[in-house]
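Engineer: First the structure, which I've put down as structure tokens, then a few questions once you've had a look.
The values are calculated or read from the model by the stated rules, or taken from the named source; none is laboratory data. Since this is a predicted model, take the numbers as computed values, not measurements. Quick reminder, even Gly has a Cβ in these numbers, built from the backbone with ideal geometry, and neighbours come from all protein chains shown. Just the protein is used for accessible areas: all its heavy atoms, side chains included, with ligands, DNA and RNA removed. Shrake-Rupley method; radii C 1.70, N 1.55, O 1.52, S 1.80 Å.
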Amino acid sequence: MGTAQLRNYIPFEVSGSEYLFHGLSGNIVQLDHLSREFVRYAEQNGTRSGDTVELDVDEYLAQVGADAAPRHRQMLAELSRLEILDLAETELKRFTATPPVPASTEGLPVKTLVFHLANACNLRCTYCYAGDGEYGAPQKYMSIETAERAIRFLLENSFDEKSVTIVLFGGEPFLNWKVLKHIVEHAVEEAKRWGKTVTFSLTTNGTLMTEEQMVFLHKYKIGTSVSMDGTKAAHDRNRPMAGGQGSYDRTSQNVAKLLETHTTAPIGTRVTVAKGFEKLETSLEHLLAKGFYEVGFAPVTESNMELALGDDDLAELLRQFRQLAELYVEAAVNNEYLGFSNLTNLLKELHTGTNKAYGCGAGLGFFAVSPDGGLYLCHRFNENEQFKLGDIYFGLHRRRQQEVLAELHVDRKESCTFCALKHICSGGCYYEAMERQGDYRRPNAHYCSWMHDWITLGLQTYVKILEKNPAFLDRISGIGKEGCMSN
Ligand code: SF4
Ligand code: SF4
């Protein structure tokens, strides 16, 4: 049989049983004693590159002995059929091929547009990547004319897609309420004319909403995410108002009213995890007790390294994620939902078998529009000329889009080739890579090992829930996500 590669896999254990996750196909297999023996042999005797091991199969078969060899040969054939084992003579291509760079971007639909309603904010969060919401440019507000044109751009460029998404974003979008309201009303009317539907989501710091605005969010079923960092002490430490006082009390009062008023779409919250972070279970409990549907934790993206998480902080983050995962399983087994959205998103990916060639949808079907109509790779690249991909007046620069997609494809990231997370992480966030690796095209090598630990935790959680309440996994898998929407 010659040389073979056991490719892109992570071994893991749950309650004494051994499993193997094959990252290219998304298969999770429980190992029987033969395959266990083989994986052990491969790990001890093979040559490793990332999560891939190359070994001589003939040598393996010789050492199991002539009697056992036929059974082992059968097991190897089965692993090869599943494309987990790449035998020199097999063509790996049915389940495990990576989607290619789109042959042409001309017909690629735009599905989601993030509207930067205001490059301005009334808070002064210590970790803000957007320079107090202004994105390094003078403050700007989107006009009604630009907003209407952007809606038209989205509907036109969504081609045959029946549904589009508008993300209402800033800085702080409520600083431009008149236009926010107009976008929603106008987009609903226009979408109808085009025979399409439009869904909305909104990210806000929650300090400015009035009751009238909350009723509006309710009426239009606007999925809302309020940025909060946990308890008052944790929140006020990093999220002061422009005048210096903490923003917790205002956000909190508004959230209470919002949750009472707006019941037509889920309302979640996002915690930015910076150095010295509060115990996650405390933050989670505190925020769920307010009535939020779920809580997501996002490590700070920070050029100011004082707030960025170091290795010890990341290890602590993982340890606390592990504790939350235990609570999550306990709830899931009882058919209850613990709103820890990081884990939900991961379980969904494992359940539906994601095969991504890109870290996220940015530049594929997901773009951001600046207050004056520029189109950018995503909201984090707003106002950054290097990542401007056209504008709403003359359209997307399709050739540039094609070049960017070719540059960002996971097959261009050498270290990802042999990684088990090639089709899940796919090199990760381009903005993070720019900040931490100095080049948006590079893989996010600073977090590979953390990602492996996190995915392994997800796999263990997945198997535990699968064994006790598989229907739970079907239920949560209805939730979708195209680009990250952290602000
Ligand atoms: S960046 Fe992601 S896909 Fe690439 S090697 Fe690291 S963990 Fe794997
Ligand atoms: S993951 Fe990174 S590149 Fe993708 S949408 Fe989010 S910030 Fe932008």
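Engineer: Taking a label point 7 Å from the Cα of Thr354 along the Cα→Cβ vector, which residues of segment 34-51 have an amide N closer than 20 Å to it?
Structural biologist: 51
Engineer: Taking R0 as 35 Å, what FRET efficiency do you get between Asn335 and Arg48 from their Cβ-Cβ distance, rounded to the nearest 0.05?
Structural biologist: Working: r = 41 Å, r/R0 = 1.18.
For Asn335 and Arg48, the calculated efficiency is 0.25.
Engineer: State, to one decimal in nm, how far the label point of Asn469 lies from the label point of Ile144, with both points 7 Å from Cα in the Cβ direction.
Structural biologist: 5.0 nm
Engineer: Could you give the nm distance between label points at Asp453 and Ala256, where each point is 7 Å from its Cα heading toward the beta carbon?
Structural biologist: Spacing of the two 7 Å Cα→Cβ label points: 3.9 nm.
Engineer: Among Ala68, Gly131, Val179, whose Cα sits farthest toward the positive end of the charge dipole of segment 67-211 (+1 at Cβ of Lys/Arg, -1 at Cβ of Asp/Glu, about the Cα centre)?
Structural biologist: Projecting each Cα onto the dipole axis, the largest value belongs to Val179.
Engineer: On to the next question. For segment 220-304, what does the alpha-carbon gyration tensor say about shape, rounded, prolate or oblate, given a ≥ b ≥ c as the root eigenvalues, a/c under 1.5 as rounded, and a/b over b/c as prolate?
Structural biologist: Details: a/c = 1.76, a/b = 1.48, b/c = 1.19.
Prolate, because a/c is 1.5 or more and a/b exceeds b/c.
Engineer: Report, to the nearest whole %, how much of the accessible area of the chain belongs to carbon and sulfur atoms, 1.4 Å probe, protein only. Walk me through the numbers on the way to the answer.
Structural biologist: Details: 10060 of 20550 Å².
The nonpolar share, carbon plus sulfur, comes to 49 percent.
Engineer: Based on the alpha-carbon gyration tensor of segment 296-387 and its eigenvalue square roots a ≥ b ≥ c, which shape applies: rounded if a/c is under 1.5, prolate if not and a/b is larger than b/c, or oblate?
Structural biologist: Details: a/c = 2.68, a/b = 1.53, b/c = 1.75.
Taking the square roots of the gyration eigenvalues as a ≥ b ≥ c, segment 296-387 is oblate.
Engineer: Next up: Might you report the magnitude of the Cβ-based charge dipole of the chain about its Cα centre, with Lys and Arg at +1 and Asp and Glu at -1, to the nearest 20 debye?
Structural biologist: Details: 50 positive and 63 negative charges, 253 e Å.
In debye, rounded to 20, the chain gives about 1220.
Engineer: Hand me the GluC sites (Glu not before Pro) from segment 17-96 located in a DSSP loop with no more than 11 other Cβ atoms within 10 Å, in residue order please.
Structural biologist: Working: sites: Glu18, Glu37, Glu43, Glu54, Glu59, Glu78, Glu83, Glu89, Glu91; in loops: Glu83, Glu89, Glu91.
The qualifying sites are Glu89, Glu91.
Engineer: Using only Cα atoms, find the angle between the long axis of helix 280-290 and the longest principal axis of the chain, and express it within 0 to 90 degrees, rounded to the nearest 10.
Structural biologist: 50 degrees
Engineer: In straight Cα distance, which lysines are under 16 Å from Lys181, not counting same-chain residues fewer than 8 positions off?
Structural biologist: The qualifying lysines are Lys219, Lys221.
Engineer: Under 18 Å from the Cα of Lys468, which aspartates and glutamates turn up, not counting those fewer than eight places away in the same chain?
Structural biologist: Glu13, Glu18, Glu326, Glu330, Glu336
Engineer: Once the Cβ-Cβ distance between Asn27 and Trp194 is put in as r, and R0 is 35 Å, what FRET efficiency do you end up with, to the nearest 0.05? Intermediate values should be presented prior to the final figure.
Structural biologist: Working: r = 40 Å, r/R0 = 1.16.
That pair, Asn27 with Trp194, gives E of 0.30.
Engineer: Ok, one more. Taking only Cα atoms, what is the 0 to 90° angle, nearest 10, from helix 69-81's long axis to the longest principal axis of the chain?
Structural biologist: 20 degrees
Engineer: How large is the accessible surface per residue of the chain, computed with a 1.4 Å probe and reported in Å² as a whole number?
Structural biologist: Working: 20550 Å² over 487 residues.
Ligands and nucleic acids excluded, the result is 42 Å² per residue.
Engineer: Round to a whole angstrom and tell me the spacing of the C-alpha centers of segment 332-391 and segment 65-133.
Structural biologist: 14 Å
Engineer: Then there is this: Between Rg and the Kirkwood Rh of the chain, both from Cα atoms, what is the Rg to Rh ratio? It would help to have the intermediate numbers written out before the result.
Structural biologist: Values: Rg = 24.0 Å, Rh = 24.1 Å.
That ratio is 1.00, to two decimals.
Engineer: Step through the table entries Lys111/Lys275; Lys178/Lys257; Lys290/Lys464, compare each Cα-Cα distance with 25 Å, and write down the pairs that go over it. Before the final figure, lay out each step's value.
Structural biologist: Working: Lys111/Lys275 35 Å; Lys178/Lys257 21 Å; Lys290/Lys464 29 Å.
Beyond 25 Å between Cα atoms: Lys111/Lys275; Lys290/Lys464.
Engineer: With labels modelled as points extended 7 Å from the Cα through the Cβ direction, what inter-label distance (nm, one decimal) is found for Glu407 paired with Val215?
Structural biologist: 4.9 nm
Engineer: Turning to a different aspect of this structure: Could you tell me whether segment 85-202 comes out rounded, prolate or oblate from its Cα gyration tensor? Rule is a ≥ b ≥ c as square roots of the eigenvalues, rounded for a/c under 1.5, then prolate if a/b exceeds b/c, otherwise oblate. Let's see the in-between values first.
Structural biologist: Details: a/c = 3.18, a/b = 1.57, b/c = 2.02.
Oblate, since a/c reaches 1.5 and b/c is not below a/b.
Engineer: Dividing the convex hull volume of the alpha carbon atoms of segment 180-256 by its residue count, what do you get in Å³ per residue? Before the final figure, lay out the partial values.
Structural biologist: Details: hull volume 7.5 nm³, N = 77.
Cα convex hull per residue, to the nearest whole number: 98 Å³.
Engineer: Here is a further query. Which longest uninterrupted range of the chain lacks any trypsin sites (Lys or Arg not before Pro) assigned by DSSP to a loop state (not H, G, I, E or B) and surrounded by at most 11 other Cβ atoms within 10 Å? It would help to have the intermediate numbers written out before the result.
Structural biologist: Numbers: sites that count: Lys93, Arg94, Lys162.
So the longest stretch without any such site is 163-487.
Engineer: Among Ala234, Tyr447, Ser15, which residue has its Cα furthest toward the positive end of the charge dipole of the chain, with +1 on Lys/Arg Cβ and -1 on Asp/Glu Cβ?
Structural biologist: Value: Ala234.
Engineer: If you don't mind, another one. Lys196: which aspartates and glutamates have alpha carbons under 20 Å from its alpha carbon, excluding same-chain residues fewer than 8 sequence positions away?
Structural biologist: Cα-Cα hits under 20 Å: Glu148, Glu156, Asp160, Glu161, Glu185, Glu482.
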